[in-house]
1. Ignoring everything but the protein chains, give the 1.4 Å probe accessible area of GLU609 in square angstrom, nearest 10.
2. Please sort by residue number the GluC sites (Glu not before Pro) in region 403-437 whose DSSP state is loop and whose Cβ has at most 13 other Cβ atoms within 10 Å.
3. Report the gain in length on full extension from VAL495 to GLU252: 0.36 nm times residue separation, minus Cα-Cα distance, nm rounded to one decimal.
4. Given a Förster radius of 45 Å and the C-beta distance between GLU60 and VAL24 as r, what FRET efficiency does 1/(1 + (r/R0)^6) yield to the nearest 0.05?
5. At a Förster radius of 51 Å, what calculated FRET efficiency corresponds to the Cβ-Cβ distance of ASP561 and ILE104, to the nearest 0.05?
6. Using per-residue counts of other Cβ atoms within 10 Å, averaged over each peptide, order 437-443, 487-493 from highest down.
7. Longer than 26 Å from Cα to Cα, which of LYS222/LYS610; LYS530/LYS554; LYS301/LYS610 are they? Say none if no pair is.
8. Using the heavy atoms of the protein chains alone and a 1.4 angstrom probe, what is the accessible area of region 255-332 per residue in square angstrom?
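The values are calculated or read from the model by the stated rules, or taken from the named source; none is laboratory data. What you see is a predicted model, and the numbers here were worked out from it, not measured in a lab. Cβ sites come from the backbone with ideal geometry, for glycine too, and all protein chains shown count toward neighbours. The protein model used for the area step is the full one, side chains on, heavy atoms only, and it has no ligands, DNA or RNA in it. Shrake-Rupley method; radii C 1.70, N 1.55, O 1.52, S 1.80 Å.
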Amino acid sequence: MMNKTNIDPDTWYSLYRIFLAVAVIAGTFSLIVSLLLTVNYIAGKQGDPLDSERLLELKEELLRNPNNEVLKEDIRKLDLRLRKEYFRRRRFTRIGAYMLIFGIAIFLGSMLPVMKYRKNPPMPDSPKTSQKAEASRTRQLVIGIGSFIAGFAIAIAVIDRPNNYEIPQQQPVADITASEEKIEIQEIPATQVTEGSPAETQGTQETQVETTKSYPTEEELKKNWPRFRGPGGLGISQYTNIPEMWDGTTGEGILWKSSIRLPGKNSPVIWGNRVFVTGANETERAVYCFDAGSGELLWEKPVVVAMADPEPPEVSDDTGFAAPTPVTDGRWVFAMFANGDIICFDFDGNEIWSRNVGPFDSMYGYASSLLMYKDLLIVLLDQGGAEDGMSEIIALEAATGKSVWGTDRPVPNSWATPIIIDTGEREEIITCGSPWVIAYDPATGAELWRADCLGGDIAPSPVYANGLVYVTNTYETLAAIRPGGEGDVTETHIVWEAEDGLPDICSPLTNGELVFLLETYGLMTCYDAKDGTKVWEEDTVETFNTSPSLVGDKIYLITVDGITIIVEAGRQFKEVVRNELSEGVLTCPGFVDGRMYVRGEENLYCIGEK
């Protein structure tokens, strides 16, 4: 910086005025941005979709009048307006933060020379330029700097878009949020009571984990129902001998029902003669194991994980504290909860390992379900905003819970569950999170490709058939994507897109020929799987949280009131039958040989022939 001995008084005074003007402009700019951010925050609290009292009132009214079409349309319009307003405000907050940081930096940078040049200038030792000319140059410089600040703010608003992300590099295991230090191998009783009561012990022993057993074969997986939406996560039963008639009020066709002490929005998984579900509230978490044949509760195990946050997470009624569906490989069962607890039990209820990967910054509460790849447990941890850099996908060693790989994800919180597909050339994990559909190598976590075709709050999970991945979300698109690409494949691998009947909760269903969508408020839409042509559209006049399932050539739809509507999976809508369960249902059913397992709001049901 110039020193006092070589600057004439006029220049000294001009510099003082210039930097003072810049400081005033930058300070005023920062103050205005701060006020706008404050107003945006206060207004945003009133426009959050999660906190809309009017929307909740309309939904409650719809439960009392499920056939009111005008009410359904009002809910759709209000929900759309709230969501758009919510994301607009989030975007403004992000841009405003950049503007505020820039303004403060300019202000502080200008104040340093202001403090210097406000001191007495040196005495003149030669003639100087006129004050008028100097003032003119000062004004021009101030206008230029002010224009630069305004231009910078506009540029930030234009270029800061969700799709401007670098493809992340695979994250080293040591950097994974769920650190290895959280793993805890529990000591278990040598003998245990299997009815959920406190165990009686004759000493203790450490669980011995055998790691030599290979992972289950494809045939074993298809024979059972090991994960959310069954084998492959597709919602397709491998058996066609599933009952089509039952009545929960009379007990006809109901082999058994068993109560579940703690609530949960997770679906049952079945392996051999075991059925697993989980439950939780603000203070308790538990895993349940039922006998698949009799419905007897074989064991209920509490979940208490070291290093978990003692404070319960914030969740919505749509997710609760136990939304993730467990997964099993036939030897162990793995469960996860909204606070980030992950736990592994063997089929006898002995704890193998546990760890915590929370807490989560999730608007509605964590809900993605677990899945397995060979001997790896895959966990999707989407949370926060895309700009926060908090989301990742990780793989744990199934036998020990140790971290194997982890990869950062450029997406905000989401609630969909990934699937693993085999393209014939390689296997890929398919994930959905606004705005990207991203594929990863399941063995290493390396990103393979991504496509920009989603947005908003992503809850529907992807499906796969005949070489195409199908993804969707309300207010965005139904997209058919050809997998197997590299890098950004948005312009090259999206085969077709459609815009009608898009669901906000229910995952799509495909039999390879047709793709079926189901909206929460009952509209069902059918598309041709090859080219996206709309085949038909039908309003079922019901409300759904459960994704559709395919049994042979029939589709099973379960309403929030527990009514199962069976329709033909064809090119014309045709309802076959409706069955009452006499209990509300918010979860997906599980199908094995001759039987259908359904979790109601309070009970677990087995439907089948005796």
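1. 150
2. On the way: sites: GLU425, GLU427, GLU428; in loops: GLU425.
Qualifying residues, ordered by number: GLU425.
3. Details: separation 243, 0.36 × 243 = 87.48 nm, distance 4.62 nm.
So the extension gain works out to 82.9 nm.
4. Computed FRET efficiency for GLU60 and VAL24: 0.25.
5. Once the sixth-power term is evaluated, E becomes 0.40.
6. Put in order of decreasing packing, that is 437-443, 487-493.
7. LYS301/LYS610
8. 39
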